[in-house]
Every structure is written in C-alpha cells, then in structure tokens.
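The values are calculated or read from the model by the stated rules, or taken from the named source; none is laboratory data. Computed from a prediction, not measured in an experiment: that's the story for all the values here. In this analysis, Cβ positions are derived from the backbone assuming ideal geometry, glycine residues included, and neighbour counts consider all displayed protein chains.
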C-alpha cells in the first residue's frame, strides 16, 4: 500500500509488526579513552537488551533470557579479535561481560542478541580507545 501525505487510509489502517531486539550498549561509552596499566585494562561491556515491543527480558520470564544468545564481537584496529558471551546481569534486560584489553588502539564493540528459535535479532555498536 502506498501512503500519500494528507490522504486518509480507509478501513482499519495499517498494522506494522516489528520483530527483534532493541540493543543499547551502556558501557563502554562511545569514544571512551582508557589507559593500559601494567600492560592491560579490564573494560566492562554492559548492554540493555529488550524486545522491540519494550517487553523486559529475564531468566524464566515470558521473554526468557536463557533462550537468547547475547555476545560482543571485539575488533582491535579493524581486525576481529574475539567474541565474548554476555551473561544476564541480575537486572531486567541487562547483560554484561568483560574485555581484557592488552593492546593500544581503537576497539570496536558490536553487541548482538539472537533468538535461535525465531531468528529475531538486534545489534548496537560502540568504540573505545586504549593508550598508554
């Protein structure tokens, strides 16, 4: 159906079903600057993951956190380094994990959620910088 500005839609209108997850990385903050201390720094990865309808996710809930794959893909200077599983953080719709950064450079973190039963997915991305 074409939608034309200022023209009424007859009938019951349009219903749009939006499937998937809304993923929002909470930590690390975009472009955060971190320093290596004794050759490393631990970087918390924390993300809010919920259904596109806004429904909360928790273990054993209607939207069961145990049934979803939530991971962070880490790139260092544009080269994929590792994939880190994120665990439920004992807070509704929140998942977390830890990156041990041992190299200087620009780190790109892509957090995704995937439901293997339905194929629903969601993604968010951020970067942080590690220096001396």
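Within the range 64-98, work out how many residues are in a loop (DSSP other than H, G, I, E, B) and modelled with pLDDT of 95 or more. Let's see the steps before the verdict.
Residues of the range 64-98 that are in a loop (DSSP other than H, G, I, E, B), as a first pass: 68, 77-78, 86, 89-93.
Then keep just the ones that are modelled with pLDDT of 95 or more; that gives 68, 86, 89-93.
Number of matching residues: 7.
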Verdict on residue 119 being in contact with a helix residue (DSSP H, G or I) (Cβ under 8 Å, 6 or more places away or on another chain) and either farther than 13 Å from residue 22 by Cα or exposed (fewer than 13 other Cβ atoms within 10 Å of the Cβ) (or both): no
Answer residue from the range 36-49, given it is surrounded by fewer than 11 Cβ atoms within 10 Å (Cβ to Cβ) and in contact (Cβ under 8 Å) with a residue 24 or more places away in the chain and is nearest to the chain's Cα centre (by Cα) among those: 42
Test set (1) surrounded by 12 or more Cβ atoms within 10 Å (Cβ to Cβ); (2) within 29 Å of residue 129 (Cα to Cα); (3) touching a residue at least 60 places away in the same chain (Cβ under 8 Å) - residue 52 fails condition number: (2)
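Could you go through the range 46-63 and let me know if any residue there is more than 30 Å from residue 17 (Cα to Cα) and outside any loop (DSSP other than H, G, I, E, B). So that I can check it myself, show each step before the final result.
Just the residues of the range 46-63 that are more than 30 Å from residue 17 (Cα to Cα), to begin with: none.
The answer is no, given that none of the residues of the range 46-63 is more than 30 Å from residue 17 (Cα to Cα) and outside any loop (DSSP other than H, G, I, E, B).
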So, first residue more than 20 Å from residue 116 (Cα to Cα) in the range 7-24, second residue exposed (fewer than 10 other Cβ atoms within 10 Å of the Cβ), Cβ within less than 7 Å, six or more apart or across chains; the pairs are 14/1
Within the range 108-121, identify whether any single residue is without any contact (Cβ under 8 Å) to a residue 60 or more places away in the chain, part of a strand (DSSP E or B) and farther than 16 Å from residue 63 by Cα, and answer yes or no. yes
